[in-house]
Amino acid sequence: MKTILVIDDEYALVESLIDLLEGEGYRVVSAANGKDGLARVVKENPDLIITDFMMPIADGLELVLGVRALPTFRTVPVVMMSASDMAGMLTNRRLNLSAFLSKPFQADELMSIVHKLIGKGEARKAAANK
Amino acid sequence: MTKNESKTVSLPRLLTGVPGLDAISNGGLYRGGIYLVQGKPGAGKTILGNQICFGHVASGEKALFVTLLTESHGRMLSHLRCFDFFDPKQVGTSIKYVSGYQILEQEKLPGLLAFLRTTLRESKATLLVIDGLITAGSVAESDLELKKFLHELQVFIELLGCTAVMFTGANGDADQYAVRTMVDGLVDLTFERVGMGIARSIEVVKLRGGSYLTGRHRFEISDPGVIVYPRIESILGNSPNRSTNARARLSLGIPSLDQMLGGGVYPASATMLLGSSGSGKTIVGLSCLAAGAREKEPGLYFGFSETPAELVRNAEGLGSALSRQLKTKQIELLWQPPSDDRIPDEMAERLIAIVKQRGIRRLFIDGIDGFKHFFFDPERTGNFFSALCNELRALGVATLLSEETQDLFGPEIRVPVTRLATMMDNIVLLRHVELRARLHRLISVMKMRGGQTDSALREFSIGEHGIEISPTFDSAEAILSGLARLNPGTPESTLPRVKRGRGRQRRLR
């Protein structure tokens, strides 16, 4: 089962994303800031990282810089989310992001990006095979 | 890298489909938002919630209706069958009805949240209605827990592009404060007794993201369901565009009165016919409509007391032309039967619609009192008529409104509606005067905006040709007080003759 790491300090959004992504057949782990997120990257070896930009302790920019500094994770796809359009411009220049999601976004937009980056989840594959 | 398109300032809206409701919110609810509708039992919450659902699915979307310890679904649906919006084909297909009470009872708010998430995801509903939110509040151990539930629900439904409308029985109670602070919009439904009837009203108290028509607006529940009538002063009469053809004058069909008015009234104007009962207001108004009909100008009579049949019968005594115009509908008749549940805004809305639809050029509202009777807040009467008259002016309509003075005789003339006299372009006063134990009718022009008038008081009579106005009435002293009597010691032979002499204008107060 593919693993997705969701990093956001908005717990309600994290809970919702976990619910949605698990419902789509992915294993989901989470963290509430960039520092904890980086530790989870090393521990969980995710197939995809979905992270917020503005977070306490370490923001999304620091997180992705840290991830890209680790040779194992230089190519892991990262989706950045933010309510600030400026975040997209800032991060795109330096971080080799896979996608940027402007908040608020809808689940369909996210799922479309996730499917494109890592394929569909197992539950859906199984359902489709039937 | 891909990037979802930058969000524009205006968020997408969800139209409720409830007549008038989207006008109050200036375009509907915001998609992805969470809204609370509160009201006492009997306020119409369940009907409104279902009506929004049926309206939503009619456009091809899906809705989820969740009940929390309210009436059973079977019973609720059987009650809804009498409404026009109810479509049995949508039940169980586009609208899914589920009860969340059992899971709420067993697993409290976290269980309910998980249940809602799963059910919403599976149903692909873009509208969630929760009926009986007060039950969820009662199982919460703290305000914080309830707020957390709402916040998590809010975030989830936004992700799904789903809009939530929650209904609760509470109405301004302190224990609902937590909920009210969390939601994107708050709507109050109230009802109160007015006379022997019920006046229902709706008020948007809060709406994040946009402006709305503040204050209370009346609504009714009838066969079509809930129909909201925005206060007309909040939506009409704001246009500065008016017909200003100063040269054009419209005849009122009474040559002497036209002369007193300097040639008639302006096409886009409001004229008050002020007088006591039986003083001839209706006849002057009908004369105006008849004169318009002769010029092929569509006219409308809007009245509250006489039925169309009675009006046609009474018109027969005033000349065959008028009677024929009424019978052949050259002059349209619109009668408002007496009822305690009338909504002035509904009547005004209907009136404006007919004026636009039929191209009405002359309108006679016979009895302002007919409107006033239905205001449960008399303070807004002035604003109401101001908006109505402004809108009619903007439509180029010459409007006559009759207003009944309370006193048959007396030194004072009172206009019952505050500010009404100031917003009129013209005021024609019709009075009774007693002289030698006989009633006389007097007419005078008390106000004419933008024109010279003959302010003299004249006597008039009503005959088979309608109104006939005599030359200037030469009265005794105090005749304008309506108390014309002989001065003590005045020899009867020295009294002025009734149809000579000159009156003076009395100031309105």
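Worth a mention:
- Of B:I427, B:I365, the sequence from fewest to most neighbouring Cβ atoms within 10 angstrom is B:I427, B:I365.
- Euclidean distance between Cα centres, the range B:126-165 to the range A:1-69, Å: 25 Å
- For B:K281, the lysines whose Cα falls under 24 Å of its own Cα, not counting residues fewer than eight places away in the same chain, are B:K296, B:K327, B:K329, B:K372, B:K447, B:K499.
- 16 Å Cα cut-off, lysine pairs counted over chain A (separation 8 or more, or different chains): 7
- Scanning residues 5 or more positions from B:G280 or on other chains, none has an amide H under 5 Å from its amide H, with H placed 1.01 Å from N in the peptide plane.
- Taking the fewest neighbouring Cβ atoms within 10 Å as the starting point, the ordered list for A:S98, B:S10 is B:S10, A:S98.
- For peptides B:79-85, B:367-373, sequence by mean Cβ density within 10 Å, most packed first: B:367-373, B:79-85
- Residues whose placed amide H lies under 5 Å from that of B:R231, excluding near-sequence neighbours: B:R218
- Simple label model, 7 Å out from Cα along Cβ direction - B:D377 to B:S59, nm: 3.0 nm
- Mean separation of Cα contacts under 8 Å, 6 or more apart, over the residue count of the range B:13-230: relative contact order %: 32 percent
- Applying the criteria of a DSSP loop state and at most 14 other Cβ atoms within 10 Å to the trypsin sites (Lys or Arg not before Pro) of the range B:281-325 yields B:K296.
- Note that the range A:3-129, at 20 °C in a medium of 1.002 mPa s, gets a Stokes-Einstein diffusion coefficient of 149 µm²/s from its Kirkwood radius over C-alpha pairs.
- Shape of the range B:13-230, Cα gyration tensor, a/c cut at 1.5: rounded
No value in this document is a laboratory result; all are computed from the given coordinates. Bear in mind that the values here come from a model prediction, so they are computed numbers and not experimental data. So basically every Cβ, Gly included, is an ideal-geometry build from the backbone, and we count neighbours across all protein chains shown.
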